[in-house]
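The values are calculated or read from the model by the stated rules, or taken from the named source; none is laboratory data. Source: prediction; values computed, not measured. No Cβ is skipped: glycine too gets one built from the backbone with ideal geometry, and neighbour counts run over all protein chains shown.
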Amino acid sequence: MTEPRPAVGESIPPVRQPTVDGTVPAPAGLVDATVNAGLELKIRSQWSYARTRFLRHRLAMIGLVGLVILFGAGAFANYIAPYSYSEIDLNNILHAPTTIGHHFFGTDEIGRDYFSRVIWGIRTSEEVGVSVAVVSSIIGLLFGAVSGYYSGWVDNILMRITDLVLTLPFLAILLTAAALLGQGSQWRISIILALLLWTGIARVVRGVFLSLREKEYVEAAKASGAGDMRIMFRHILPNTLGPVIVNGTLSVATAILVEAALSFLGFGIKPPTPSLGVLVNSGQTNPQQWWLTIFPGLTIVLIVLCINFVGDGLRDALDPQQRRVRA
Amino acid sequence: MHRRLWLLVSLGAAAIALSASGSAGAKVATTRVQPAAAPFALAWAQVPRTPAARKASNVLVFGMEQDSAGFNLAEADETEYWSALTGETPVIRGDYIIDQNGNYHLDLAKSVTATKTGLTITIRPDAYWYWGNHPKMPVTNADYAYTWQQFMDKNNNVASTTGYSQITGYTLKGTKTITFHWKTPFADYKDLFGYIYPSKALTGLSFNTFWLNCVCGNDGQPISDGPFYMSNYTKGQGVTLKANPDWYGTKPGLQEIDFKLITDTNSEIQAMRGGEVDAINPSPQTALAQLRNQPGLTYSSVSGFIQEHWDVQFGPQGNALLKAPWMRQAIAMGMNRVSLIKALYGQIAPGQKPLNNPEYEIGPNAGGANQFFAKWSFAPKKALALLAKHCTGGPSTPTRNNTAIWTCNGKKAEFSFDTTSGNQRRETSAAIFSQQLGAIGIKLDPNFIPASQFFGTVLPSFKFDLGEYAWLGTPDPSGFDAIYQCINTAQNLGGQNYKQYCNRKVDSLIKTGDSELNPIKRTADYEQAAKLISNDVAVIPLYSSPSILVYKSKIQGMNNSNNPTSEGPTWNAELWHWGS
Amino acid sequence: MLTYIVRRVLYSIPVLFLSTFLSFLFVSYAGNPLAQVRQNPRIPASTIHNLIIQNHLNYSVPMRYLFWLRDVFLHKFGHSLLNSEPIWPDITRTIGHTAQVILIAEGLAILIGIAVGIFSAIKQYSFFDYAFTSISFLGFAMPTFWLALLLQILFVDIYLKWHVRIFYTSGLNSGSTSSTWSIDRLQHIALPVMTLSIISFALYSRYMRASMLDVINSDYVRTARAKGLSEWRVIMRHVCRNALIPIVTIAALNLGGLLGGAIVTETVFTLDGIGYYFVNRLGTLDLYAVMAYLAVTSVIIIVFNLIADILYGYLDPRIRYD
């Protein structure tokens, strides 16, 4: 699934020219007035403005709290889950949710506690999501930077490679990886997903680089003898961090959704590691037992929703040309 | 802008219209033989929608779980169950037909005699081929000769030549008798010639490509020597069978049977509950439990022939500890097979028991005193005692969530367990047995491998310790030969013996049994072999998948139809009819 | 513009070849396709030998790729690995079914998404706006397979409790009639269409809203209002048209993405579509069938990406390609 093109008007966010140390200067007259009144003028950086905007964003705050709860539950699965995720109890199969024996989410077809499995599933999802986001952001950043900065035939080739990666089939690759490398742990799935999902970030970063490389300060840096690497990483890259952070956050959600779909189809994470997608699959074969389908699916929805809220908040916070008031 | 938008809208409309025309009806390739009858969709339009109307016009609708890959059952990839059920059993007959208890009855043949030098078959005098609007042709010994030649033709992708390759030639006598000559008798002769081709109708067609979309002659018209003929088949939709007026047996009670393709078991169940289909033969799934006590429906489940088992690796590629008989015995006794069966089939096939005979699966040969594997039934304390004698470091009693693993002769009792991925039953099996064996100090490392790799690479390379998969067995034990014979590639023996098991006594018993024409002696040979295999714990048989048949109680003649052999429920389809 | 199109098409061709070659490599190394026949304990060596020859398995993988290319052009994608069924009729049949579901879902999502987006933008911060923003967020967060399963379970429950069939929960037709646009067929594809459109709708409504808001505050709209045009005219004539431009490109890109979603919906609802076909054939490593699917979908994705880029340039006079 490809990254949609930015809408008209939502072009590459132009930034106010930063000074050498990255702070934004205050309007001139204000400084004098403040000093005369005996007050101190605090110079705030770009990031502190962004932080304030983010903290004021209602939905983003809700999302953040939700994420902390969910990911925290996953990270501390050892302590929170009342049972191990593979503990079988053949006397208690397909039990509806109940407080007896702490089976809050019921049991599955061989008596395993579903609440524990969902918690461990959250942990697997967060491992996959975060690692895919980090690795694919790095890859996308590098690709987009080189492609956008050098332009010309380098850009052409790299963009064709991007097209190529977009057409490669997830399922076939996962099948082959299973064949050649054996057992499918969540880390291997993460690497493969990261290698296939970096294209969106690459396009965005490329756009930033393409527009910024013509700016005067880049010319000035070149004139003063700065090498390509320095220009790319010191001058242009910081401006991409905003979109990269936003895209990276949203790609956690994409990675979780894609991994769940692959596990649901049977091509992803193999048992006994519980994955939310595999859990929903067991709901398909037992449609009468509603809890098998509802709980893992709801968990996925909540995680992705929270990530989207946070992502929305970050996008609003990091876009200084914010004309729209926060939703 | 105005114009451009309209351009886009019209493009979109064109795209929709194109796709609609593309999907309207399936296009059968014109290079293949086409059935002369109407496509399934049109035929379906005539099928009455309500059960009452179906009863009035003598039509039955049967749910079909898998689409057919072709109806030439002797061809390598066209051996699917549903192809056999719809396109073979009621349409193309052979020497014998196997009933629901695994007994062979003479069908197309009036008599079959096997001697040390040959096999003599006499065809019944009233056997005819129905071939569309051609006049009916008698089934002759030329058809038998043609069939044998097709099996032996090296250019044909035949699924199996076992038995046929032992035949050296034939002699015709009249038009109804044929004698095949052999040097060593093939004891399982009853399974030979269960599928006879119409030699005249197939002239000019190639074995590898005929009958992909029909069971028909070279002009596309349906052909049959059974109670029904296939009036049409449409890929993705289903099969229609119509009563054959020229059949020699009981006149069919139904005029037409429609097999409707419903690949999702849950939908099959709903269709059964809602009356949209009249009978189903579903693969076992827990959801079937809701059909068990439905008023108006009859639910039947019997033990089948799909033998689920564990292979134990004897070769150097496996864990060396498996070579020790006490280790294998301990593993077997640490597994509670009854609990697995209860978890998997407790609600849909109650009374299902573990398999205890590695050569016979159903009937008296498999039960009673012939349950040789029963001595290794679940006995964790005995298993622990065995292990304690030879190993150290394990638990003293079977304990849940035990982490202490035995060390024997310096090696840890930790085994890899390989099976196919995407199979819920095998995941359950892995989970249950990991827990049970863990409780007595044996660790299992499950690996779920895609089927293509499991069967294509893992098994043939012998690189596994314990592996779970299923064999499709037959009532006759000779089908398992290649699984237990010592491997001898030169003589093509033991080709599926992935566990590299070799017991010379078992080998010689199998060899004798394969050419022993006296059925009593033959059974004794095979039972002796079964006893030795069980004592050696060469395999750990788990269960045989149940065969389930659910049908409307108003249908008569189906009480013996739940046939777990590859004949399927249509073996007595001529007896089905609507009661009042 | 024309040179741009030609150049893009020319660049796409090596990408297509490379993509199919890589996919061919992946599937060939995923395992031995003859594994299927090995499950039969009695298969004779001559049959295995025949199958190897017929499917060129005795050649190296790159050579097999060249055989496949030849079969694509001369024999319409050739035949299935083990039983010589021709592949092309299967592809045309299944892709017709998939196209029907996807196009209807996309059409519904666009229409409703655009309408909701426009309304949300006009009535910004109203209850309607907040409600539909929440629904959009939910739509983004919903996994396709879960929504499909929920709808399936819901309508099965309705059927079993009240014995009335509103929508069917699997298959393409139930046998009374099976023509493409019959009521029966529409009843069968209603649920998969709903699944796909609910998820796509979120995309369109959000982008439409954002796009509208960008345009609604721009200078030329203010001019139009100042000229004295009614608000309705302003919205319809000036705002909507320009706001629709990015939607068109998103639609083209999304259609490619929906093919991936089709795999999941078709598996859950067991529709006879190309996604289901692909998953089944991949399981048995039916190489030519899998390659046919990959080739067809790669072409579709590349074509739609190209259409998206072209449309963007064509419709927005401010964008110039050279």
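Do the conditions hold for B:Asn208, that is, is it of a type in the set (S, T, N, Q), in contact with an Asp or Glu (Cβ under 8 Å, 6 or more places away or on another chain), within 14 Å of chain C (Cβ to nearest Cβ) and more than 24 Å from B:Lys110 (Cα to Cα)? In short, yes. In the stretch A:265-285, which residue that is of a type in the set (Ser, Thr, Tyr) and surrounded by fewer than 24 Cβ atoms within 10 Å (Cβ to Cβ) is farthest from the other protein chains (Cβ to nearest Cβ)? Top of the filtered list is A:Thr273. Go through the residues of the stretch B:378-385 one by one and say whether even a single one is basic (Lys, Arg), closer than 30 Å to B:Glu527 by Cα and out of contact with any Asp or Glu (no Cβ under 8 Å at 6 or more places or on another chain). Checking the stretch B:378-385: at least one residue is basic (Lys, Arg), closer than 30 Å to B:Glu527 by Cα and out of contact with any Asp or Glu (no Cβ under 8 Å at 6 or more places or on another chain). The residues of the stretch B:367-417 that are small (Gly, Ala, Ser) and under 41 Å from the mean Cα position of the chain (by Cα), listed by number, are B:Gly367, B:Gly368, B:Ala369, B:Ala374, B:Ser377, B:Ala379, B:Ala383, B:Ala385, B:Ala413, B:Ser416.
For the stretch B:481-496, the condition of being among the hydroxyl-bearing types (Ser, Thr, Tyr), within 14 Å of chain C (Cβ to nearest Cβ), surrounded by fewer than 20 Cβ atoms within 10 Å (Cβ to Cβ) and in contact (Cβ under 8 Å) with a residue 12 or more places away in the chain holds for none of the residues. Any chance the stretch B:408-423 includes a residue that's in contact (Cβ under 8 Å) with a residue 12 or more places away in the chain, in a loop (DSSP other than H, G, I, E, B), among the polar types (S, T, N, Q) and away from chain C (no Cβ under 14 Å)? Among the residues of the stretch B:408-423, at least one is in contact (Cβ under 8 Å) with a residue 12 or more places away in the chain, in a loop (DSSP other than H, G, I, E, B), among the polar types (S, T, N, Q) and away from chain C (no Cβ under 14 Å), which makes the answer yes. For beta carbons closer than 6 Å, sequence separation of 6+ or different chains, a first residue in the stretch B:539-563 that is within 18 Å of B:Ile348 (Cβ to Cβ) and touching a residue at least 40 places away in the same chain (Cβ under 8 Å) and a second that is assigned to a strand (DSSP E or B) and of a type in the set (Phe, Trp, Tyr), the qualifying pairs are B:Val550/B:Tyr299.
Hey, could you check the stretch B:70-111 for residues that are in a loop (DSSP other than H, G, I, E, B) and of a type in the set (Gly, Ala, Ser) and say which is farthest from the other protein chains (Cβ to nearest Cβ)? Checking each candidate, the answer is B:Gly102. Taking A:Val208 as the residue in question, decide whether it is away from chain C (no Cβ under 14 Å), assigned to a helix (DSSP H, G or I) and among the aliphatic types (A, V, I, L, M). Spelling it out, A:Val208 is indeed away from chain C (no Cβ under 14 Å), assigned to a helix (DSSP H, G or I) and among the aliphatic types (A, V, I, L, M). In the stretch A:85-112, the residues that are more than 10 Å from chain B (Cβ to nearest Cβ) and over 14 Å from B:Leu344 (Cα atoms) form Cβ pairs under 7 Å with partners that are crowded, with 19+ Cβ neighbours inside 10 Å and basic (Lys, Arg), at six or more places apart or across chains, as follows: A:Tyr85/A:Arg112; A:Tyr85/A:Arg117. The residue list A:Leu262, A:Leu250 contains one member that is touching a helix residue (DSSP H, G or I) at 6+ places or on another chain (Cβ under 8 Å) and within 14 Å of chain B (Cβ to nearest Cβ), which is A:Leu262. Reported count of residues in the stretch A:42-62, each being among the polar types (S, T, N, Q) and either within 16 Å of C:Ser134 (Cβ to Cβ) or crowded, with 17+ Cβ neighbours inside 10 Å (or both), is 1.
Scanning the stretch C:128-152 for residues that are aliphatic (A, V, I, L, M) and facing chain A (nearest Cβ under 9 Å) returns C:Leu138, C:Ala141, C:Met142, C:Leu147, C:Leu149, C:Leu150. Residue-level check: of (1) surrounded by 22 or more Cβ atoms within 10 Å (Cβ to Cβ); (2) within 11 Å of another protein chain (Cβ to nearest Cβ), A:Thr240 misses just (2). Taken together, the criteria place C:Ser80 among residues that are closer than 30 Å to B:Gln496 by Cβ and under 25 Å from the mean Cα position of the chain (by Cα). For the stretch A:106-115, name all the residues that are surrounded by fewer than 24 Cβ atoms within 10 Å (Cβ to Cβ) and more than 14 Å from A:Asn286 (Cβ to Cβ). Within the stretch A:106-115, just A:Phe115 meets the criteria.
Quick grid of which residues meet (1) touching a residue at least 40 places away in the same chain (Cβ under 8 Å); (2) closer than 26 Å to A:Ala255 by Cα; (3) part of a helix (DSSP H, G or I):
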residue: A:Ser137; (1), (2), (3): yes, yes, yes
residue: A:Thr162; (1), (2), (3): yes, yes, yes
residue: A:Ala172; (1), (2), (3): no, yes, yes
residue: A:Ile192; (1), (2), (3): no, yes, yes
residue: A:Ala202; (1), (2), (3): yes, yes, yes
residue: A:Ala221; (1), (2), (3): no, no, yes
residue: A:Arg230; (1), (2), (3): no, no, yes
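Among the residues of the stretch B:318-333, none qualifies, meaning not one is modelled with pLDDT of 90 or more, aromatic (Phe, Trp, Tyr) and not in a helix (DSSP H, G or I). Among the residues of the stretch B:409-433, those that are more than 30 Å from A:Gly268 (Cβ to Cβ) and surrounded by fewer than 20 Cβ atoms within 10 Å (Cβ to Cβ) comprise B:Asn409, B:Gly410, B:Lys411, B:Lys412.
Exactly one residue out of C:Leu294, C:Leu311 is of a type outside the set (Asp, Glu) and within 30 Å of C:Leu34 (Cβ to Cβ), and it is C:Leu294. Listed by position, the helices (runs of 4 or more DSSP H) inside the stretch C:17-118 whose residues that are touching a helix residue (DSSP H, G or I) at 6+ places or on another chain (Cβ under 6 Å) and more than 7 Å from every other protein chain (Cβ to nearest Cβ) number at least 1 are C:61-74.
Which members of the stretch C:209-227 meet the condition of being more than 9 Å from every other protein chain (Cβ to nearest Cβ) and either in a helix (DSSP H, G or I) or at pLDDT below 80 (or both)? Once the filter is applied, which keeps residues that are more than 9 Å from every other protein chain (Cβ to nearest Cβ) and either in a helix (DSSP H, G or I) or at pLDDT below 80 (or both), the stretch C:209-227 yields C:Arg209, C:Met212, C:Ile216, C:Asp219, C:Tyr220, C:Val221, C:Arg222, C:Thr223, C:Ala224, C:Arg225, C:Ala226.
Within the stretch B:427-466, being away from every other protein chain (no Cβ under 11 Å), more than 20 Å from B:Arg400 (Cβ to Cβ) and not in a loop (DSSP other than H, G, I, E, B) holds for one residue alone: B:Leu466. Against the numbered list (1) more than 8 Å from chain B (Cβ to nearest Cβ); (2) surrounded by 22 or more Cβ atoms within 10 Å (Cβ to Cβ); (3) assigned to a loop (DSSP other than H, G, I, E, B), C:Tyr125 comes up short only at (2).
The one condition from (1) aliphatic (A, V, I, L, M); (2) modelled with pLDDT under 90; (3) in contact with a strand residue (DSSP E or B) (Cβ under 7 Å, 6 or more places away or on another chain) that B:Ala413 does not meet is (2). Yes or no: the stretch B:365-378 includes at least one residue that is within 16 Å of B:Ser544 (Cα to Cα) and without any contact (Cβ under 8 Å) to a residue 12 or more places away in the chain. Looking through the stretch B:365-378, at least one residue is within 16 Å of B:Ser544 (Cα to Cα) and without any contact (Cβ under 8 Å) to a residue 12 or more places away in the chain. Out of curiosity, is C:Ser12 closer than 30 Å to C:Leu244 by Cβ, part of a helix (DSSP H, G or I) and modelled with pLDDT under 85? Judged against the criteria, C:Ser12 is a match.
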